């Protein structure tokens, strides 16, 4: 069964929200924190509702609503959301007030908004959508789980479309904590030079991307979602290569049938070495582009890559500044995303015209 | 890949549970039969609300849970609880050639390792270079799932779901669908949540906690009691079920996930989402409402939930109401674990014909033409059990467990 990406919307540290603007011109940042460029929410969400929403909820809901609008669809057959950390700033706020006020005289607002299903729930509430609604919170596989759920729902043929996406926010506290775990570069870098730094660590990011997947084609489809595979904690590059080979075989194609590869390079010297070796082992003749310098690294960043791939196929154009791409002549019919988060959560997503 | 078939059966082959009424399935069953609630004064959680708010805690400290689970005592209590119940479930299923099968773990929780994050934050908020990193490493919901998957050696598919109080019902539904799609042979599905200051204070600010023992579906109900625990069922394909030496429990014959789309924390007065979930599960199973013999209610004991759920039941089942009860009158509301724990109780109900009492029920709700069961009974003619899990964000899910005839 074929699955069509009918529409998309993406709020990220780049000018990605209005998809007519694709290919976007890359925004350069200095420093290791890439925050989303947020649209004017009043144009997208009911003003009374906007005031009550926290930042991550606004980002997620706005991306979801814009995605539906791009498809000309009022309400989807199902809503499936992925988020690794959920509503961090509400969680931090409620935790902070428990400590500061010693468990007394607390306000419920941040607690109410802290639950991980808040974004999916608010989308349903605004659309008055009573259909299937699920939220996956599986770290670096949260978006992949949501995508698999959406694919299964379409194969079950009880609905013809599914709104699916992911959202994660970066807060001052989460940056402080994850820095102590050594995730980010110690020196300040420019995102446009991220892959030239040859040092440990990456840069932090955030974003919300949503897609309307459908079981029937429509004239304005971006692309087709051919397949997805995930694998956890591979031992070495050879094991990653074996997974890629098996994935391509399962789709009856070779590496040479792929027009563009989008990698999960994030500027960390060890992480990126995998992709350099995969270029020698499998993608010898392929062109590789990268995306994490544009949106920063976070557990659900792969949804940015899916948005990028779908829109490259939609427009036939690759945004400048996405990496090693040299020729502009070849057709862009089939894109493979080879992503990973923290070298633990690896995923392969195949998107075609 | 095998093509999805709606009619591919999925069976429950094992169960595991830890809750305030017992550390395993037989202990919980004993308490249910002898009407021993697990609710009481707070004795493990460190909080200002001790002696003020009754809760249903698992009666073991983290050291004791560590010994029982084989995991270190310093990790999140949620992971310890999850491990104990998940292992009981897979041991109980006694699948001989498990390593040759594609086995998944679908686990749910609502606040991950919040019990540890709250400790970390005390020092961290005062100074961002302080706070032990080993206390924040369990923060994300996926962390408990990962620890349990690693310990049980599960690699084929692992994921985590969080949809508030319906979390583990959705984990079970998702697990069953993975089997129907031919992606997995065996799935351990359910959820866990430990008592935390975060949730206790959160529910307290919403003013929906009863300061006495909760009275679900009673006219004079005042709110819910929070609980903690974990519950898992082992779902298997027909092929695996046929290879088992032990008796399978029942068939998971139907499920449905709907959204109330009414309010972030409150249910719609007519229980629209609850109605759609129950009705959808019955349709999904190919049954009619008259086939349901027992409903394990969501039944939190709040004014809002019980009225919404009751109104939806009235609409769906009128005029012939199945027997029903809320086992939250024993276990408290275990949030992300509740769908898993109640799936275990529902599986036992379908297998042995058990009906559980709804403790402390006195007065019929004036809006409803039915009352819950007040006595334990066994060897009842239970063919199909409906288990409800409804929650924040309007997430409503219902599961149906059917006796194997």
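Bear in mind that the values in this text are calculations on the coordinates, not laboratory data. In this text the structure is predicted, and so the values were computed from the model without any measurement. All Cβ positions, even for glycine, are placed from backbone atoms using ideal geometry, and neighbour counts span all protein chains on display.
Points worth noting:
- Ranked by how many other beta carbons lie within 10 Å on average, peptides A:35-46, B:266-277 from highest: B:266-277, A:35-46
- Antiparallel beta bridges, as assigned by DSSP with both residues in chain B, represent about 65 percent of the total such bridges.
- Order by protection proxy (mean Cβ within 10 Å, highest first), peptides A:242-252, A:146-156, B:182-192, B:224-234: B:224-234, B:182-192, A:146-156, A:242-252
- Share, in percent, of DSSP beta bridges within the range A:224-352 that are antiparallel, nearest 5: 70
- Shielding of peptide B:119-126 by partners, expressed as the average count of other chain Cβ atoms within 10 Å per residue Cβ, is 3.
- Value of [θ]222 nm, deg cm²/dmol, for chain B, DSSP H segments ≥ 4, -39500 (n - 2.57) each, nearest 500: -10500 deg cm²/dmol
- At full extension, residue A:104 and residue A:285 could sit 58.8 nm farther apart than now, given 0.36 nm per residue minus the alpha carbon distance.
- Averaged over the residues of B:190-202, the number of partner chain Cβ atoms lying within 10 Å of the residue Cβ comes to 3.
- Cα-only Debye scattering, the protein assembly as shown: base-10 log of I(q)/I(0) at q = 0.05, 0.06, 0.08, 0.11 Å⁻¹: -0.23, -0.33, -0.59, -1.14
- Residue-averaged beta-carbon neighbours from other chains (10 angstrom radius) around B:152-160: 4
- Packing-based order for B:237-243, A:65-71, A:334-340, A:47-53, using average beta carbon neighbours within 10 Å, highest first: A:334-340, A:65-71, B:237-243, A:47-53
- 222 nm mean residue ellipticity, helices alone, for chain A (DSSP H n ≥ 4; -39,500 (n - 2.57); rounded to 500): -10500 deg cm²/dmol
- Using C-alpha pairs below 8 Å separated by at least 6 residues, the relative contact order for chain B is 23 percent.
- Distance histogram for chain B (every C-alpha pair counted, 10 angstrom bins, percent rounded to whole numbers): 5, 26, 35, 24, 8, 1, 0
- Applying 1/(1 + (r/R0)^6) with r as the Cβ-Cβ distance of residue A:49 and residue B:367 and R0 = 41 angstrom yields a FRET efficiency of 0.85.
- Cα gyration tensor shape of the range B:253-402, rounded if a/c is under 1.5, else prolate or oblate by comparing a/b with b/c: rounded
- Cα shape, the range A:200-352, gyration tensor, a/c 1.5 rule: rounded
- Shape call, chain A: gyration tensor on alpha carbons, a/c limit 1.5: oblate
- When both the range B:333-405 and the range B:267-309 are represented by their alpha-carbon centers, they are found 10 Å apart.
- Taking all Cα pairs closer than 8 Å and separated by 6 or more residues, the relative contact order of the range B:326-389 comes to 41 percent.
- Förster-model FRET efficiency, 56 Å R0, residue B:43 and residue B:155, C-beta, rounded to 0.05: 0.90
- For chain A, the relative contact order comes to 25 percent (Cα pairs under 8 Å, sequence separation of at least 6).
- Given in Å, the Rg to one decimal and the Dmax to the nearest whole number for the Cα atoms of the range A:11-125 are 16.3, 52.
- DSSP beta bridge pairing in chain A, given as percent antiparallel to the nearest 5: 65
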